[in-house]
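Written out below as structure tokens is the structure these notes cover.
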Amino acid sequence: MAQDDAAGSEDIGPLSGAALHEPLRFERLPPDAMAERALAFEALMRRRRTVRDFSSEPVPRDVIAAAIAAAGTAPSGANQQPWSFVCIQDAAKKRAIREAAEAEEKAFYSGKAGAEWLDALRHLGTDWEKPFLETAPWLIAIFGQRWGAAPDGSKVKHYYVPESVGIATGFLIAALHSAGLATLTHTPSPMGFLNGICGRPEAEKATILLVVGYPAVDAQVPVIAKKPLDQIAHWL
């Protein structure tokens, strides 16, 4: 099966049993409405910026829950939905995550990353200290499920896990931004410490630690540019 077919196989899989089908619920729009929505969404997402200075102002749990529910609608290989989202608000756990992440980051910035990688990051002004891991009201640890379990306890292979989790993470970031929240995709390497802190099984591997909240009042972001359309789209 081709990769794009697998990632879109939403009508079969372990959560639906047999390959049953139902009528597609699809909203077809006239061309002008399609263009209006597409342009509005592009404008919304173009305002999204990665934030490293967060406010400690609380964010309602139901907003986080709705965004994760949206992420859960993403397509996945064989509809296995191989993801877990661990939402962390507890101060002690956030502190433990910060301490573990900063230990990895200190090694990274002390030379583990190599000169070329560190040079590529230099314009962003980042370093090993990560206070936002405690300041932000929510951390969402995103795990990919490398395998599942059958009713008899045997392992069930999951397919296209990184691709599926990546798509769901994109949905989540877009949903949070649409709700008026700022995010940061934090990826200390390695991230095995998250399994212990979050109580996740061996079958799961942490992929991203998403920091979520309101930006600090005085937050600043690097001056950057995104590649223009003619550099990322190729029409055949």
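A few remarks follow.
- Backbone N within region 75-109 under 19 Å of label point (7 Å from R146 Cα along the Cβ vector): 77, 80-86
- Per-residue accessible area (protein heavy atoms, 1.4 Å probe) orders F171, F26 as F26, F171, starting from the largest.
- Contour minus Cα-Cα distance for F41 and V156 (0.36 nm per residue): 37.7 nm
- Its Cα centre serving as origin, region 191-234 has a Cβ charge dipole (Lys and Arg +1, Asp and Glu -1) of approximately 80 debye.
- MRE, 222 nm, helices only [DSSP H, n ≥ 4, -39500 (n - 2.57), over the chain, to nearest 500]: -11000 deg cm²/dmol
- A Stokes-Einstein calculation at 10 °C with viscosity 1.306 mPa s, built on the Kirkwood radius of region 100-236 over Cα pairs, returns a diffusion coefficient of 90 µm²/s.
- Accessible area expressed per residue, region 62-202, with surrounding protein chains retained (probe 1.4 Å, Å²): 48 Å²
- Links that overshoot a 19 Å alpha carbon limit, given the list K130/K227; K112/K227; K93/K130; K106/K205: K130/K227; K112/K227; K106/K205
- Ligands, DNA and RNA aside, T185 has an accessible area near 60 Å² when probed at 1.4 Å.
- At q = 0.15, 0.21, 0.26 Å⁻¹, base-10 log of I(q)/I(0) for region 38-121 (Debye sum, equal scatterers on each alpha carbon): -1.04, -1.17, -1.19
- Fraction of accessible area attributable to carbon and sulfur, the chain (%, probe 1.4 Å): 57 percent
- Intensity falloff of the chain expressed as log10 I(q)/I(0), Debye formula with alpha-carbon point scatterers, at q = 0.09, 0.13, 0.15 Å⁻¹: -0.46, -0.96, -1.23
- The chymotrypsin sites (Phe, Trp or Tyr not before Pro) of region 99-169 that DSSP puts in a loop, and whose beta carbon has at most 15 other beta carbons within 10 Å, are W128.
The values are calculated or read from the model by the stated rules, or taken from the named source; none is laboratory data. All values derive from a computational prediction rather than experimental measurement. Positions of Cβ are backbone-derived with ideal geometry, glycine not excepted, and every protein chain shown enters the neighbour counts. Side chains included, ligands, DNA and RNA excluded: accessible areas come from the protein's heavy atoms. Shrake-Rupley method; radii C 1.70, N 1.55, O 1.52, S 1.80 Å.
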